[in-house]
Each structure stands twice: as structure tokens, then as C-alpha cells.
Amino acid sequence: MHELGIAEEILGIVLAEAERNQAKKVSAIRLRVGVVRAIEPEQLSFIFDHIARKTLAEGAALEIEEVPVRVVCAACGEMESRSFAWECPKCKGYEISVQGGDALEIVSVDIEV
Amino acid sequence: METTDKMRVDVERSIQQSVEDISETIRALLAERGIFALNLISSPGSGKTTLIEALLSRYEGKGTVAVIEGDLETEIDADRIRKHGVNVLQINTRSGCHIQPIQLLNALRRMDLSDTRLLIVENVGNLVCPAEVPLGEDKRIVLLSVTEGDEKPLKYPLIFQTSDVLIITKTDLLPYVKFDMDRVRRAARIANPRIEIFELSAVTGEGVPAFLDRIESFGDAKRPRP
Ligand SMILES: Nc1nc2c(ncn2[C@@H]2O[C@H](COP(=O)(O)OP(=O)(O)O)[C@@H](O)[C@H]2O)c(=O)[nH]1
Ligand SMILES: [Mg+2]
Ligand SMILES: [Zn+2]
């Protein structure tokens, strides 16, 4: 249930931005979330909906852009993967490294003023 | 008449900015005092407290060690550690599945750290949430016991990506379980090519001295600023 802590952080940032811009309402929030963060988008949206009730962000949609990991294989070069890999998705070799996929960022907030 | 305009505000910041800021405050506090800090992370029961006890029963400068125990409830682990005569404080996170930087900062401010050179933080048993939260530590240590299965680095890559040291514990139980050591080592190195890997058993003591030597060398690497 680590989505709760993350939802609370998001709400805090979003409400601060809304207030700074004298928003009447927040309509959408864009996030960038890496696949290794183990965040379940539906779960995050569900919890966010719940804690955002009776705030300016009530009903705001979370738009989540998933960021893949980069698999670098000695034989095949670089490729993207939607999950962590322990062998190269192409040649099944072990001479790989897996990088990135750990983003956890708020990109933008859509508001009505 | 009142009109409504839509607008997009570019934010472009880490969701964890406030958490990262506090962990930087901790890092600065520790640096100022020349304290080397370890953050121990694993599933419940992998052997964190047992390993800390092994360390304390052999560690030369025991008076210079402070331990912070994180658990949902109870002082059980702190009581275990207190028997070794070191400075120990328990953080109960209640429903929190990891130690928050603000909880650690408040604990450090309550403790007498004047003689402390090495701070050991035992995080709440969990491989997911503690991985996301930096505590200003110098070394992050993940423990994986052989009874937990060898696919864990694939299921929880973030903790392996972000740890400096992997300790594979309970190697005395290897004859009884299916655990492919090479597979784990390989997966951990794929997640993090710089990870240092130790294998040990707190029951037989095998591999423990090598790890303790390494801990002592960590501590030597950090001395207070003149
Ligand atoms: N067989 C075996 N058991 C161990 C070892 N290390 C710890 N244990 C046992 O594992 C259980 C959990 O250990 P503990 O240190 O409390 O785990 P923690 O929850 O990670 O702090 C205890 O019953 C320990 O005695 C080991 O190396 N081998
Ligand atoms: Mg423990
Ligand atoms: Zn390949």
C-alpha cells in the first residue's frame, strides 16, 4: 500500500500549485512513473480520488506516463523493456545491464482559473 | 459574468521532493558529526537484527555505535540490541511501512550522538517502500535470506538498483531449499553493476567476519571535518 504515501505527496504538491495560481479547480495531473517503482496505476488513481475529496483536486484525473527500463546488451545493443529483465529479451544472454525506469515525477497540472 | 479559463501549469519535479529534502538534512547532520550511517533493508525475518547483534558482539568500538530500530509496533528489537550495551532508540511507525526521513531526523535530534561514529538503522521489514525513501545513509544494505527465493531481485528491482551492498543470509539453510546463488548474484549485478555481495550465516558464523571487516573499513572512510 505504498501508493497511499505517494498519493499524499502528489496531493500536497498539486494543492500548493493550485493555490499559487488561484485555481478554482484542478482537472488533470500528469505523472511520469518508472516501471521499477512498483506502482499500480489503478490503485494510485483510486486512492488519490479518495483523499482528494472536498479539495480543489476532487475528481482530477491522474494521467500516468509509464517510463520503461533501458536494457543494454553486449550483443544486441540498447532496447526498452516494460519490466526489469535478468536476460536479454532478444538473445537471452546475460551480458546485460538494466538502467532507469525509476522516475517518479509530476509533469504538469491542468487547472481552471 | 465570471469566466473560467483552463491552463496547464508545468511542474516538472520529483513527487518525493519533500522527502529528499529531509534526507539531505540528515546527510548534512551526519557529515558534520563524522558519523557513518547504514540503512538495513529486507523482508521481515531475513536476519537484520541477528546480524546487528553479531556485529555488536565483535565490534571493537562498541561505545561508538548507535542503533535505530524501525518496526510497526513493539520495542522487542531495541531490547535485543540494548543488551549489547549500545545507544539504541526504537521508532514505531504504526501503520507506516518504512521509516520516514522526518522520523529518523527527530530520533537523531533526541539521541546523544557525541561519541557516535557508526549509525545502524534497521528499517521496517519490507522490500518495496523502504527502497523508495532515502534516509541520508552512506551505505544502503539489502539482505535476502536463502529461504525467500532466488527471483526476488526480479520482483523488487528498485531495492537492488539502489543498494550498495547485498547480503545473502542464512546460507546454513542452503541444503534444504531451492536457491540458485548464481542467478541471484547475476540479477543483482544486472540491476546494479557496483553492488558488493556477501554471503553469510549468523548461525555457523561463516562469512560474518568478512562482512564485519568491510563495515569497519566503511567507518574508517569517514572522519569528522577538521
Ligand atoms: N538458520 C538461520 N536462521 C537465522 C539466521 N539469521 C537469522 N536467523 C533467524 O531468523 C529469524 C529472524 O531473524 P531476525 O534477525 O529477527 O530478522 P529481521 O526481522 O530481519 O530483524 C530468527 O529466528 C533468527 O534466529 C541464519 O543465518 N541462519
Ligand atoms: Mg528485526
Ligand atoms: Zn542480446
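At 1.4 Å probe size, with the rest of the protein present, what percent of the exposed accessible area of the protein assembly as shown is carbon and sulfur atoms? Result for the protein assembly as shown: 49 percent of the exposed heavy-atom area is carbon or sulfur.
The alpha carbons of chain A give a radius of gyration and a Dmax of 17.6, 55 Å, in that order.
Given a 1.4 Å probe, show me the residues in the range A:88-111 buried by at least 30 Å² of accessible surface when comparing the whole protein assembly to the chain alone. With the partner chains in place, the range A:88-111 has these residues losing at least 30 Å²: A:Tyr94, A:Val98, A:Leu104, A:Ile106, A:Val107, A:Ser108, A:Val109, A:Asp110, A:Ile111. Round to a whole angstrom and tell me the spacing of the C-alpha centers of the range B:28-99 and the range B:183-203. So the two Cα centres are separated by 22 Å.
Mind checking the per residue accessible area of the range B:1-107 for me, 1.4 Å probe, whole number of Å²? List each step's numbers first, then the result.
On the way: 5160 Å² over 107 residues.
For the range B:1-107, the solvent-accessible area averages 48 Å² per residue.
Ignoring everything except DSSP H segments at least 4 long, calculate the 222 nm mean residue ellipticity for chain B; use -39,500 (n - 2.57) per segment, divide by total residues, nearest 500. Spell out each step's value before the answer.
Details: 9 runs with 83 residues, N = 226.
Result for chain B: -10500 deg cm²/dmol, rounded to the nearest 500.
Taking amide H as placed 1.01 Å from N in the peptide plane, B:Phe198 has its amide H under 5 Å from the amide H of B:Leu166, B:Ile167, B:Ile168, each at least 5 places away in sequence or on another chain. Taking 30 Å as the limit for the C-alpha separation, the pairs B:Lys62/B:Lys152; A:Lys90/B:Lys178; A:Lys92/B:Lys178 exceed it in the case of B:Lys62/B:Lys152.
Contact order, relative form, for chain A: 37 percent (alpha carbon pairs under 8 Å, 6 or more residues apart, mean separation divided by residue count). Between chain B and chain A, roughly 3100 Å² of accessible surface gets buried, counting both sides and using a 1.4 Å probe. With contributions of -39500 (n - 2.57) from each DSSP H run of at least four residues, the per-residue ellipticity at 222 nm computed over chain A stands at -8500 deg cm²/dmol.
In debye, nearest 20, what is the charge dipole magnitude of the range B:37-130 about its Cα centre with +1 on Lys and Arg Cβ and -1 on Asp and Glu Cβ, if you could check? Provide the component values of the computation, followed by the final result.
Working: 10 positive and 11 negative charges, 29 e Å.
My answer is approximately 140 debye.
Distance between the modelled labels on A:Tyr94 and B:Asp112, one decimal in nanometres: 5.2 nm (7 Å Cα→Cβ projection). Only Cα pairs under 8 Å and 6+ residues apart enter the sum, and on that basis the relative contact order of chain B stands at 24 percent.
The values are calculated or read from the model by the stated rules, or taken from the named source; none is laboratory data. Owing to the predicted nature of the structure, the values given are computational and were not obtained by experimental measurement. Ideal geometry is used to build each Cβ from the backbone, glycine not excepted, and the neighbour counts take in all protein chains shown. SASA here: full protein model, heavy atoms, side chains in, ligands and nucleic acids out. Shrake-Rupley method; radii C 1.70, N 1.55, O 1.52, S 1.80 Å.
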